[in-house]
1. Could you check how many residues of region 382-398 are surrounded by 18 or more Cβ atoms within 10 Å (Cβ to Cβ) and outside any loop (DSSP other than H, G, I, E, B)?
2. Taking into account only those residues within region 348-371 that are in contact (Cβ under 8 Å) with a residue 24 or more places away in the chain and of a type in the set (S, T, N, Q), which is farthest from F103 (Cα to Cα)?
3. Which condition number in (1) crowded, with 23+ Cβ neighbours inside 10 Å; (2) more than 19 Å from D337 (Cα to Cα); (3) not basic (K, R) is the one that P289 fails?
4. Which of the residues belonging to region 160-192 are under 30 Å from P117 (Cβ atoms), assigned to a helix (DSSP H, G or I) and of a type in the set (A, V, I, L, M)?
5. Being touching a Leu at 6+ places or on another chain (Cβ under 9 Å) and surrounded by 15 or more Cβ atoms within 10 Å (Cβ to Cβ) is true for just one of V134, V144. Which residue is that?
6. Somewhere in region 101-119, is a residue acidic (D, E) and surrounded by 13 or more Cβ atoms within 10 Å (Cβ to Cβ)?
7. Can you name the residue in region 35-67 that is in a helix (DSSP H, G or I) and among the β-branched types (V, I, T) and, of all such residues, is nearest to P186 (Cα to Cα)?
8. Considering only residues that are more than 21 Å from R159 (Cβ to Cβ) and part of a loop (DSSP other than H, G, I, E, B), which ones fall in region 88-107?
Amino acid sequence: MDAATAWAEAMKFSNRPNPYPYFEELRKTPVAKVAEHTYVVTGYPEVLALAHDPRISSDIGRSPSGLFGESDAKLEASEAAQAKDSSMLVSDPPGHDTMRRQFMRHFGPPHTPDLIPSLASFVVDLANELLDNVKARGGTRMDVVDDFSYPIPVSVIFRVMGAPVEDEPKFHAWVVDFMQGADVGPERDTADGKAAVAKAAASMAELDAYMRAMVARFAREPGPGLLSAVLHDDGPDGPVSQEVAASNAMLLLIAGHDSTVNTITNSIMTLLRNPGSWDLLRDNPELVPRTVEEVQRLQGAVQFFPSRWATADIEIAGTRIPAGSAVFLVYAAANRDPRRFPDPDRFDPMRENNEHVGFGSGIHTCFGGPLARLEVNLALEVFLRRVRSPRLVVDPPPYRHNQVFRGPRHLWVDFAEILD
């Protein structure tokens, strides 16, 4: 199987439950050309090297290859909107560094060291409330995604940002459309794929308008939360513009909950797939943090990002990447590279030296990684403590369409009871 075929297979919706055999095929050529303007990087050392290479740009607005490795002429509406994005995710230094400093001042150490720890009780209380709701309705089956994994991160990120939680249902609908239409695979060019892209573009326009209105309101009337804080910052970099605030609010609200939903779900699914793991973790909760890292390695919530391109010719791993090419750093493939991780397809909650790239690497390492870890660890601890004798109803579960943010659409679990 050549690299282009392996990549196309990995991106097919039918292979969403298990794209990893195709990533293994791709790793035979760790840096491979898969289309005229597109190279995918699947080896661990190669991903790490390019994630730190200043010749790899994230500024899609300047990329001649476009967001998905196509020419400018092929940009769809949703891609064009993202090409105009001014968030830190698709920016290069020095603008990226300034934005990251401005937002981090109100998110984490050294200026705001207490924000993330202060959310611990909120996460635990919410996780318990959600399980109480499942218990109260009766029955012995739940959908982990709808009943547990989704409400926790979205409630947390709305609280952090200062967004009105009553707006969450329409926000959820917009994000579902976006995830369905952000397709980088062969189905993108089908009639259904084109319809999904068009629907995603319309929903993103509505979400953009919503974000801009919220930013304008906070600019006029300061309120609680990160978004208002950056608009009225008196730090050395000054306040952010409304344009920058809106773009980064979009990024943080979407990325700030979606990958965490997937990681909570993947953690529960992975434990239930591996006999003995549930009892081990229930009886030894101190192993939860290490287990979460192993899940992030094995079932990465963010598989890759189609938002990098080469500003100069790059020679790496025997391949020449021409200037202007799109470069996909496939974290999910790198995390199963046997050159770095012994027996990489095996779930090992005791794995040591687990320096995965599940949260990225380099200057674009996940901004919200510390918050995500807090949420997943605490949610999993509560679930392990209270849900007795769970088992998967369907395996593999149905997956969402998106290739980048990969996770089950539903995860049905039967259980004996939910303890008090």
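The values are calculated or read from the model by the stated rules, or taken from the named source; none is laboratory data. Just so you know, these numbers come straight off a predicted model, no measurement behind them. We place every Cβ from the backbone using ideal geometry, glycine too, and count neighbours over all the protein chains shown.
1. 5
2. Here is the first cut: in region 348-371, the ones in contact (Cβ under 8 Å) with a residue 24 or more places away in the chain are 348-351, 354, 356-364, 366-368, 370-371.
Still in the list and also of a type in the set (S, T, N, Q): 354, 361.
Values: N354: 29, S361: 19 Å.
So the residue we want is N354.
3. (1)
4. Taking region 160-192 and keeping what is under 30 Å from P117 (Cβ atoms), we get 160-169, 171-172, 175.
Keeping just the survivors that are assigned to a helix (DSSP H, G or I) gives 160-161, 165-169, 171-172, 175.
Scanning region 160-192 gives V160, M161, V165, V175.
5. On inspection, the qualifying residue turns out to be V144.
6. Within region 101-119 (the criterion being acidic (D, E) and surrounded by 13 or more Cβ atoms within 10 Å (Cβ to Cβ)), the answer is no, since none of the residues qualifies.
7. Per the criteria, the residue is I60.
8. S91, D92, P93, P94
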